[in-house]
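Before any comments, here is the structure.
The values are calculated or read from the model by the stated rules, or taken from the named source; none is laboratory data. Treat the numbers as computed from the prediction; the structure is a model and nothing was measured. Glycine also receives a Cβ, built like all others from the backbone with ideal geometry; neighbour counts cover every protein chain displayed. All accessible areas refer to the heavy atoms of the entire protein, side chains included, with ligands and DNA or RNA removed. Shrake-Rupley method; radii C 1.70, N 1.55, O 1.52, S 1.80 Å.
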Amino acid sequence: MTSGMTVPDAIRFLFGIDVAKESTYLKDKANSLVRNKLIKVETELKVQRSTKRLADGQLDVLFNALLLNAIFHDPKDVKKIFEDKSFRHHCAVIVKQLFGESNSLMGIALSKTTAAEFANALASDCDLRKKRLPNPFAVMPQLALGKNLSLLHALLAQSALTSSTDNLLLAYLNNDIDKALALSRQLDTNNHSVKQLVEHITSRHKEAEEFDDLLGYFQKM
């Protein structure tokens with residue numbers, strides 16, 4: 001049994017967005033989440049072409065994945081949030097820092113209450129495959145910001161990087177773990193959220209070093 005909806009139909013149903021007219025980019029992002037197998041589809045075979053429709057129970061997955069993808073640009077990170085509890089927790093820390101007490105980000109209106117509920121739900125153990133996160137956005141950031149730019153990247157890039165924490169987050173998002181680690185050593189880790197982020201970056205750097213050592217070992221064989 002399937003939901004009977006194609007990805008564009010589902011986006012229209014969930015967010016009221018006609019991707020053909022308003023944002024083919026949003027459909028592309030959804031399709032990238034289909035390709036990395038976070039969102040399950042079933043193929044309906046026809047004479048001349050096939051149609052992919054969401055598998056049963058995937059509407060909630062699509063909804064949550066697109067909300068998270070508005071903040072975290074890389075579909076691999078979105079999938080990892082669903083699968084890795086530790087990574088999900090660290091992303092929740094980032095979201096709480098990002099939303100703070102803001103009523104808007106990059107000109108996108110936020111509901112302060114719903115933004116806090118979104119961050120708290122992400123930090124909880126709720127099943128992202130079965131329970132929808134609260135939507136804090138008046139307009140989906142993928143529509144407002146355009147291609148290849150997440151809300152987090154856009155906000156940090158605009159901030160003039162006067163904050164050491166902003167610098168750290170941007171380095172981490174750009175996957176420059178060496179720079180992120182160096183910046184983390186300059187921060188005051190008395191702040192609980194910052195401390196958690198620094199611990200995560202330190203762990204990621206250690207994993208990267210161990211992987212490089214393993215590659216070096218095989219290259220010498």
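Among the residues that make up segment 149-162, is at least one of them exposed (fewer than 13 other Cβ atoms within 10 Å of the Cβ), of a type outside the set (A, V, I, L, M) and modelled with pLDDT of 75 or more?
Checked segment 149-162: no residue is exposed (fewer than 13 other Cβ atoms within 10 Å of the Cβ), of a type outside the set (A, V, I, L, M) and modelled with pLDDT of 75 or more.
Can you tell me which residues in segment 33-62 are open to solvent by 20 Å² or more (accessible area, probe 1.4 Å) and assigned to a helix (DSSP H, G or I)?
Val34, Arg35, Leu59, Asp60
Among the residues of segment 80-97, how many are open to solvent by less than 50 Å² (accessible area, probe 1.4 Å) and either among the acidic types (Asp, Glu) or out of contact with any helix residue (DSSP H, G or I) (no Cβ under 6 Å at 6 or more places or on another chain) (or both)?
Looking only at that region, the number is 2.
Which of the numbered conditions does Leu145 fail, given that it passes all the others? Conditions: (1) surrounded by 15 or more Cβ atoms within 10 Å (Cβ to Cβ); (2) modelled with pLDDT of 65 or more.
Answer for Leu145: the failing condition is (2).
Scan segment 129-142 residue by residue and report those that are surrounded by fewer than 15 Cβ atoms within 10 Å (Cβ to Cβ) and modelled with pLDDT under 80.
Passing the criteria: Ala138, Val139.
Give the residues of segment 50-67 that are modelled with pLDDT of 95 or more and acidic (Asp, Glu), sorted by residue number.
Asp60 - this is the single residue of segment 50-67 that is modelled with pLDDT of 95 or more and acidic (Asp, Glu).
What's the total number of residues in segment 6-32 that are of a type outside the set (Ser, Thr, Tyr), surrounded by 16 or more Cβ atoms within 10 Å (Cβ to Cβ) and part of a loop (DSSP other than H, G, I, E, B)?
The qualifying residues number 1.
Just give me the residues in segment 103-128 being over 22 Å from Gln196 (Cα atoms) and at pLDDT below 90, in sequence order.
Asn103, Ser104, Leu105, Met106, Gly107, Ile108, Ala109, Leu110, Ser111, Lys112, Thr113, Thr114
Restricting the first residue to segment 19-46 and requiring it to be under 12 Å from Lys79 (Cα atoms), which pairs with a second residue that is open to solvent by 80 Å² or more (accessible area, probe 1.4 Å) and part of a helix (DSSP H, G or I) meet a Cβ separation below 6 Å and a spacing of at least six or different chains?
From segment 19-46, no pairs qualify.
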